[in-house]
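J.: The following block contains the structure, expressed as C-alpha cells.
Values quoted throughout were computed directly from the atomic coordinates according to the rules given, and no laboratory measurement underlies them. Bear in mind that the values here come from a model prediction, so they are computed numbers and not experimental data. We place every Cβ from the backbone using ideal geometry, glycine too, and count neighbours over all the protein chains shown.
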Amino acid sequence: AVVNDELKPRYHFRSPRNWLNDPNGPMYFKGIYHFFYQYNPYGSVWGNIVWAHSVSTNLINWKALAPAIYPSEPFDIYGCWSGSATVLPGDKPVILYTGVDPEQRQVQNIAFPTNLSDPYLREWTKPDYNPVIPPEDGVNASAFRDPTTAWYAPNKHWTLVVGSKRDRRGMAILYRSKDFVHWIKAKHPLHSSKDIGMWECPDFFPVALKGRQGVDTSVYGDGVKHVFKVSLDATRYEYYTVGTYYHLMDKYVPDATSSDDHTGLRYDYGNFYASKTFYDPAKRRRILWGWANESDSAYTDKDKGWAGVQAIPRSIWLDDSGRQLVQWPIEEFKTLRGKHIFVKNKNIPSGGFLEVKDVQTAQADVEVTFDVGSLEKAEEFDPYYVDDAQAFCAKKTAETRGGVGPFGLLVLASANREERTAVFFRVFKAQSKYMVLMCHDPTRSSKRESTYKPTFAGFVDIDIAKTRKISLRSLIDHSVVESFGAGGKTCITSRIYPSVAIGENAHLFVFNNGAQDVKVSELNAWEITEPEMNDEIIY
Ligand code: FRU
C-alpha cells in the first residue's frame, strides 16, 4: 500500500470502507442517534451515491447498517443526494433528500420509516407521489439540492429551504407545507447573496441568547437569534452568519457584525464541509456534524480503499458576545480518554520547545493553556490581511520568528521535529487592539509529495490584553488534527499524512518561535481509546 494503514483515523466517524461525504439526516429517535451519510457502495471515489446509515446510543460507538436510501425509482435513479430529517409531532421521523432523475434534474423527495417499531429504522419507504418538490417556477434544475430540516413556523406551516443559485446569486429557496407532502414555493427566498455561486447544504436554526443549551429548530421569539450557514461550492468553504428571522415575511437578515461572503465566519477554517446540525432533545443541545475529506490524491484513496471521515460531533451555542458561535467536542467524547499526563507552569523560552513525553500521541486529546505575559513585543499587524487569515498564515508560518508567538503545539511530529504539523497562535498589535491569529501549518507534515498541505487560519475573537491567556485543544487521530482555539471560538481541521511520525513514532511538542518567553500554565494530554466504529455492516 502507498499509504500506511496506521494513518486510518480510529475514533473519528468513518465507514467500513469506500467513499464517504456529507453528513445527512442526523437525528435522535427513541434513545438512538441516527446518522446517515453520502456513500459510494462500490468504491473509494465519489459516485453511485446512497444514504449509508449508522446508529449509536452515545455518538461515540457506531454500528453500521445497510444503506437506508438508495436509487430505486425514477425520481432518484441517478443518485440519492444530501438531505435532512425532521421528527414530526407524535415521534414520526421523515427524511427529505435530493434525488437525481433520468433527465439529470435535482428533485426533492420524501421517505418514511417502513416500520416505526424497528428501533434502528432500517427500512425507508419512498411514496409514489415523489418528487414532492420538483424544480419548477424558474428554479435551476441542476442547482437545486440539500433540503434542510423543516421548522414549524408561526404561520402554521412547515417551512424549509433548498440550496440553489440563480446566475451567480446563491439562494436558499423557501417552501411551505401544511401536511409535509404538498410543498409550495414562497415568492422570496429566505436569504440570498449576489456573486457568490451555488449554496450547497444550507442550514438554518435558532440559538439561545443565553447559555449553552440548544433549542429545537421550530423555536422563535425573544430568547433566540438565528444562524444561517451555507457550503460554498466555489471555494469549498462554509460560511455562517448570526441574524434575525422575521417570520412574518419568512426573511432572514444577518446582523451587521456578521458578513455573508468569504470574509465571514466559519465553523471551521480548515477541511470541513457540507456540515449539518440537529437538535438533541435528550441532552437539550445542538450538535454539528461536518465532513473532512482526504487531502491526498484519488490514486491513494483507491489504493487504501476508503476516503473521508466526519469531524467529532460538536456541541454549538452562541457566544456571550452574540457575534459568533462556540463549538466544543460533545461531552461523551471524554469517555474515550485513557492514559493521562499533566504539566504545569512550564516556561517555554523564546526559540525553545518542550516534549510531552510518556503518552502515545498519534491518537490523543491535548488541552493546553498558554500565558503570554507581556504583549510589548507583539508584531505590527498588516491590515492588508485582515480579511484573509489564511494568506497571512501562509506568509508567516510556524518557522517565521515573531514577537508574541508563534507558539503552540507540534503534533504528529518526528523525534527530531523535522516532520511536524504546527498548531499555533500569533499575537499582533493592530491600531486600537491586539489581534490573535490561529493557524494550522502542515507544510512540513510529510515527505510525501502527493499530499495537499495547505495552511489554514482564522482570527480568534478574544481580548488578549485582558486575559493574557489563551487555550488550545487538539484532537489528534493519526491523519486528522482537529483544533479548538480559545474554548472553541476558532476551530481548524486538517488531514495530515506523516511519513515518519506514524503510530509509536509520533511525538508531541510545545514550541515557541516568538521573541519572548511564554508559559504553559497547564497541559493535559490523554491517549484516546478506540471506540466501536462501523466495523461491519449489520443486516
Ligand atoms: C456537497 C454535495 C451536495 C450534494 C452531495 C452529493 O458535498 O455536493 O450538494 O447533495 O454533495 O453527494
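J.: Every cysteine in the chain with no other Cys Cβ under 4.7 Å from its Cβ, please list them in numeric order.
T.: Cys80, Cys201, Cys491
J.: I need the shape label for the range 1-155. Rule: rounded when a/c is under 1.5, else prolate if a/b > b/c, else oblate, with a, b, c from the alpha carbon gyration tensor.
T.: Note, shape of the range 1-155 comes out oblate.
J.: Skipping prolines and chain starts, which residues have an amide H placed within reach, meaning under 5 Å, of the one on Tyr39, given they are 5 or more residues away or on another chain?
T.: Amide H neighbours of Tyr39, under 5 Å, 5+ apart: Asn21, Val50, Ala52.
J.: Can you give me the pair-distance distribution of the range 346-388, C-alpha pairs, 5 Å bins, whole percents?
T.: Using 5 Å bins, I get a P(r) of 5, 11, 17, 17, 15, 15, 13, 6, 1 for the range 346-388.
J.: Given H placed 1.01 Å from N in the peptide plane, which residues other than close sequence neighbours of Val480 have an amide H under 5 Å from its amide H?
T.: Close amide H contacts, sequence-distant or interchain: Ile496.
J.: Amide H to amide H, which residues 5 or more places from Glu238 or on other chains are under 5 Å from it, using H placed in the peptide plane?
T.: Here Leu232 satisfy the definition.
J.: Could I ask something else about it? Mind running the shape call on the range 5-329? Use the C-alpha gyration tensor, a ≥ b ≥ c as the square roots of the eigenvalues: rounded below 1.5 for a/c, prolate if a/b tops b/c, oblate otherwise.
T.: Rounded.
J.: Rounded to whole Hz and in sequence order, give me ³J(HN,Hα) for the range 23-28 from the Karplus expression 6.51 cos²θ - 1.76 cosθ + 1.60, θ = phi - 60°, writing x for Gly and Pro.
T.: x, 10, x, x, 6, 10
J.: Please list, in order along the range 357-365, the HN-Hα scalar couplings obtained from phi with the Karplus expression 6.51 cos²θ - 1.76 cosθ + 1.60 (θ = phi - 60°), rounded to whole Hz, x for Gly and Pro.
T.: Here the 3J(HN,Hα) series is 9, 6, 10, 7, 10, 6, 9, 8, 10 Hz.
J.: With θ set to phi - 60° and the Karplus curve 6.51 cos²θ - 1.76 cosθ + 1.60, what are the ³J(HN,Hα) couplings of the range 267-282 in order, to the nearest whole Hz, using x for Gly and Pro?
T.: Once rounded to whole Hz, the list reads 4, 8, 8, x, 8, 7, 8, 6, 6, 7, 9, 8, 8, 9, x, 5.
J.: Are there trypsin sites (Lys or Arg not before Pro) in the range 161-197 that DSSP marks as loop and that have at most 12 other Cβ atoms within 10 Å, and which are they?
T.: Listed in order of number, the matching sites are Arg168, Lys178, Lys187, Lys194.
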